[in-house]
Structures are given as structure tokens and as C-alpha cells.
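The structure appears right after this line, and notes come after that.
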Amino acid sequence: MFKRLFLILLFLFALILPSNAAFNIGDIHYTINPLIVRNCPPEANSHSRVIATLPEKITVEIVHSISDDIGEWYQIKWYSNVNKTYKTAWVEYPVLAVNVLDIPNEERKAAIDFIKDVIMADFDSDTLDYYKRHQRYDEAIEMLNKRLYNLFIISDFSAKAHNSANPNDKKMQKSVMDSIGSAFGLRAALYIFKDKYNFALNDFDEAIFYKDDSYTLHNAKAMILFEQGYYSKAKASFLKAKTMAAKVGNEKKVIEINRYISRIDYELAKLK
């Protein structure tokens, strides 16, 4: 029941982004991270292999695409300064993104939304829930690892946008940070199912760093500390959760936390 409660609580606040974004043939994009390119899509035949890692800020053009149950792959064309000629290769769509810093402020929100949709399009909440229900925790963790990787790609330029006077940039930065916090929280819950409590505590600390205003995260961390017998640390986390829950008017959660604090005080008194 303890583990199940954690997962139910944490899955409630996961930020799920749309998954219907796509590139068009002829689109030209500036990349914001190195592109890993292959000689052909992995599912096309058994001889697919990585052939190069293109540098940052390279300009590529979409010349062909394929889509199936496995995913979406794009053939890109770029100019090689080394060979003084155009080359082509295949990439998986999440690695492509427009350089947000090259976009005028008035067009930036639409571009940011597009980038977020594309990078997060491989995250499927139904698949994650399926893994959880069938106790395939390692696969669920790997799925969240990939999501975190994609989110950190976004954060590379969202941190720069944070200093912008454009309110859309600041809103995007907050959304990315919240998403990273939620992903760490979800992974922490999965580590609990695997009885890896130290891993879970580390992920809760990471989640709270990015999403410090979540009483759910502080409460979840406190419950693990309590179950592990770290009563003083648990009490400190419960008090933070209580303050935040009270601030948003969640009286039921405040009452529940007070009960835990009373139990902690009782256990601490026995140790004196």
C-alpha cells in the first residue's frame, strides 16, 4: 500500500505534452545540440549504423521522412565544410530543434511550443502506465531517463531565455523546470518499487530542486525518510510540505501531515 500510494500521488502531477508534432519535407532547421546521424533508419534493414555526429548550430534541410509503429525518422541534407559538398543521413526526430535564440521575440512562443512538442513527442503516458501496471519498472525508468535527456536539451536554451524580458520566455522556462521536477519525482516512485530507497531519495532531492513549490514532493520525500527511520529529517520535510499545503488551502493534507509529525515526535521521545 505504501509503494502504491507513492506512485498514485506522483503520477497525478506529471506534465504530459502533446505528441502530434511533425516536420515537413523542405523544412530547414538550426540544431541546438549535436546530431547523431545514421546511414539508414534502424528498422529499414539490419545494417543501420551511426556514421557521424554533426556539430551544434548546423543548418539542415528535411528531404524525406518515414513513419511507422516504431517511430518517425527524417533524412536530412547539410553542407559539409570539410568535403565541400552536400551530404545526407537519417536522424530520429527528437534531436532536431530550431535555435530559439535566432527567432524574433514576436515569433518565439510559437517556436518554443513547436520545439517542446517535438522533443517530448516520444513520451507516452499510456506506455509508462502499462510498464508500471505490469511491474516492468526498468523499462519505465529507461523511458523517464530519455524524457529527462530531452528536457535537458530544452533547458540548454530555456536558461538563456530566462533572462529575456519576453514573458513567453519566462513562462517556457518555468514549464521546463516543472517538467524536469515531475520526471524526477516519477522516477523516484519507480525506484521505491524496486526497493532502491537511496536512489529514490536522490531523485526526490533533484525533483524538489526543480519544483520546490510542490508539497506533494516534499511530502513524498518525508514519507520515505519516515519509513527509513530518519525521523528528524522526515519531520523537517513534513513541515515544509505542511506549510505549502496550508498556503494553497489543502486542509485535508495538513491534517494528514500533522498525524505523521505526531508519530515522529512520539518516536523521537522514545529515543531520549
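Here Ile224 qualifies as under 30 Å from Lys270 (Cβ atoms), β-branched (Val, Ile, Thr) and in contact (Cβ under 8 Å) with a residue 24 or more places away in the chain. Here Ile62, Ile76, Ile28, Ile103 are screened, and the one residue that is at pLDDT below 85 and open to solvent by less than 50 Å² (accessible area, probe 1.4 Å) is Ile103.
Quickly run through segment 32-49 and pick out the residues that are open to solvent by 80 Å² or more (accessible area, probe 1.4 Å) and at pLDDT 80 or above. The one that is open to solvent by 80 Å² or more (accessible area, probe 1.4 Å) and at pLDDT 80 or above: Arg49.
Considering only residues of segment 213-269 that are of a type in the set (Ser, Thr, Tyr) and over 21 Å from Asp195 (Cβ atoms), which is most open to solvent (accessible area, probe 1.4 Å)?
Tyr266
If you go through segment 79-90 and keep only what is touching a Lys or Arg at 6+ places or on another chain (Cβ under 6 Å) and surrounded by 13 or more Cβ atoms within 10 Å (Cβ to Cβ), you end up with Thr88, Trp90.
The values are calculated or read from the model by the stated rules, or taken from the named source; none is laboratory data. Everything numeric here is computed off the predicted structure, so don't read it as measured data. Cβ sites come from the backbone with ideal geometry, for glycine too, and all protein chains shown count toward neighbours. Heads up: the accessible areas ignore ligands, DNA and RNA and are worked out on the full protein's heavy atoms, side chains in. Shrake-Rupley method; radii C 1.70, N 1.55, O 1.52, S 1.80 Å.
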